[in-house]
1. Only one of Leu344, Leu281 is closer than 25 Å to Lys430 by Cα and crowded, with 20+ Cβ neighbours inside 10 Å. Can you tell me which?
2. Looking at region 362-375, is at least one residue surrounded by fewer than 17 Cβ atoms within 10 Å (Cβ to Cβ), at pLDDT 75 or above and touching an Asp or Glu at 6+ places or on another chain (Cβ under 6 Å)?
3. For region 292-313, what are the residues that are farther than 24 Å from Val367 by Cβ, hydroxyl-bearing (Ser, Thr, Tyr) and under 18 Å from the mean Cα position of the chain (by Cα)?
4. Only one of (1) in contact with a Gly (Cβ under 6 Å, 6 or more places away or on another chain); (2) of a type outside the set (S, T, N, Q); (3) part of a helix (DSSP H, G or I) is not met by Ile220, so which one is it?
5. Can you find even one residue in region 169-184 that is of a type in the set (A, V, I, L, M, F, W, C) and either outside any loop (DSSP other than H, G, I, E, B) or surrounded by fewer than 23 Cβ atoms within 10 Å (Cβ to Cβ) (or both)?
6. Restricting attention to region 137-158, does a residue exist that is closer than 18 Å to Lys88 by Cβ, surrounded by fewer than 18 Cβ atoms within 10 Å (Cβ to Cβ) and assigned by TED's automatic domain parsing to the domain that holds Gly214?
7. On the basis of being in the same structural domain as Leu200 (by TED's automatic domain parsing), modelled with pLDDT of 95 or more, under 26 Å from Asp143 (Cβ atoms) and out of contact with any Pro (no Cβ under 9 Å at 6 or more places or on another chain), does Gly101 make the cut?
8. Considering Lys94, Lys88, which residue is in contact with an Asp or Glu (Cβ under 9 Å, 6 or more places away or on another chain), of a type in the set (D, E, K, R), surrounded by fewer than 22 Cβ atoms within 10 Å (Cβ to Cβ) and at pLDDT 95 or above?
Amino acid sequence: MIKTSRIVYLIFLIKLTISQIHHRRSDITLNTEKLNQLGSQGQLLLRHIALTTHSCGIAEVPRFRRKFLKHSSATCNDGSPSGYYIRKSHGSSKWIVFLEGGWYCFDQISCSERLRMMNDYMSSRSWPRHRKGSGILSWNPEDNPYYFRANMVIIPYCSSDSWSGTRNSSSKSRDTVSEFSFMGSLILEEVIKELLKKGLRNAKKMLLVGSSAGGTGVLINLDRVADQVRKRAPKVEVRGVVDAGWFLDNEPFKPSPCRDAYTCSPTVGISKGVEVWKPRLPEECVQKYPTEIWRCYFGHRVYPSIKTPVYIIQNLYDAAQIKVDNVFSGFGRSEMGSDQWSYLLRLGEEVKLSLKNASAVFASACVSHDILLKSEWHKMEISGENLAKSVYCWEESNYGDRDRRESRSSCKHQLLDSCPWPHCNCSCPKWRFHGTNEINQYFMKNLAKVMGIEPSKMENIHLCGY
């Protein structure tokens, strides 16, 4: 049983922390390592005190409030006003600006279907007044131990252009999508301009974070946003965090007719998009690929041109990459074949190879997609190194050179999974998508052959992570 003296000491530490919050206006984090050293009863006590004091005097968990951009020509696809959701944390000097993801569209058919099926991704007309945060945007220090007190902003994705477009619906064009605007890059610029007036200019640090298409948006906009902030607030340091936005411009497993973002190969879909989005991309990358500027949407192509520090979070077997590569489409068979298995293994190696020069990376061998908005994001590990701690350690480091691998001896932020097959990392999210069960069955069936076991006896056995 935990001693009374330790309880008194813990309460003293909590009170001291609270005092620092109110009088020094400093950012705080929940030290999970120290917490684990206290034993189960000590953890329960400290968690209870921390959670109670964190919400002390608050009737309900603060929600994100909707703010539309007024007097701005940067609109959603359908011409409705773009905007953002904000939850300020008075006393915090840190800001997280989050770009949402959600595929894209590139012609009349794909955009009309998207408007019908995913209206909120093309229009703001039905956006709710308030939203709740999860994962790295959570108010709960147990779900978000390092960033729960940060000022947070969500920019909804309503431009369908991977945050790259500058074209309004009145632009003269011969294409078939003249009724839609694609202004993702301009929306981001306008939101940052407004946030600077709302306190961002007084911050010490801003993290531009994004998942999926939002992650791609971070890659292609990060340097521009950093320059924009630097001109108005030179003391604010800007960094980027990319979650599941590092796609490969590879050959698909099986070609299929290109009808929309889900069925097109990565190269075909994006190349169609740049013809109508009027994209604004990193100039150095465009100069490198002047006749194929669509390549600048792919992480390993654009990364060498990025000057601002950026942390890459990417699954080696990304579910969206697997989908657009048509690994499990149109086969009409229930069992996974050796050709699919070989393609998956090769895909994982290709993703890992493409990340070898990234100075800050967390690449887990998971069959999944984005992770930062999931409640278990802080539980992900590679070789015993925690994702949330790694991001925080990297973000708190003082170096400004993006290519420097290590800033502190205890700060590890180049983490590439070494386990050899899809979803073999035991901390992978227990999330199923079409194909996950097939991968498990294929592996267990072949493992049974090697071990001389009747395959039917392995049918209901699942590997770690499945």
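The values are calculated or read from the model by the stated rules, or taken from the named source; none is laboratory data. For clarity, every value in this text was computed on a predicted model and none was experimentally measured. So basically every Cβ, Gly included, is an ideal-geometry build from the backbone, and we count neighbours across all protein chains shown.
1. Being closer than 25 Å to Lys430 by Cα and crowded, with 20+ Cβ neighbours inside 10 Å holds for just one of Leu344, Leu281, which is Leu344.
2. Yes, region 362-375 contains at least one residue that is surrounded by fewer than 17 Cβ atoms within 10 Å (Cβ to Cβ), at pLDDT 75 or above and touching an Asp or Glu at 6+ places or on another chain (Cβ under 6 Å).
3. Thr308
4. If we test Ile220 against (1) in contact with a Gly (Cβ under 6 Å, 6 or more places away or on another chain); (2) of a type outside the set (S, T, N, Q); (3) part of a helix (DSSP H, G or I), just (1) comes out false.
5. Yes.
6. yes
7. Against the criterion (in the same structural domain as Leu200 (by TED's automatic domain parsing), modelled with pLDDT of 95 or more, under 26 Å from Asp143 (Cβ atoms) and out of contact with any Pro (no Cβ under 9 Å at 6 or more places or on another chain)), Gly101 qualifies.
8. Selected residue: Lys94, the only one of Lys94, Lys88 that is in contact with an Asp or Glu (Cβ under 9 Å, 6 or more places away or on another chain), of a type in the set (D, E, K, R), surrounded by fewer than 22 Cβ atoms within 10 Å (Cβ to Cβ) and at pLDDT 95 or above.
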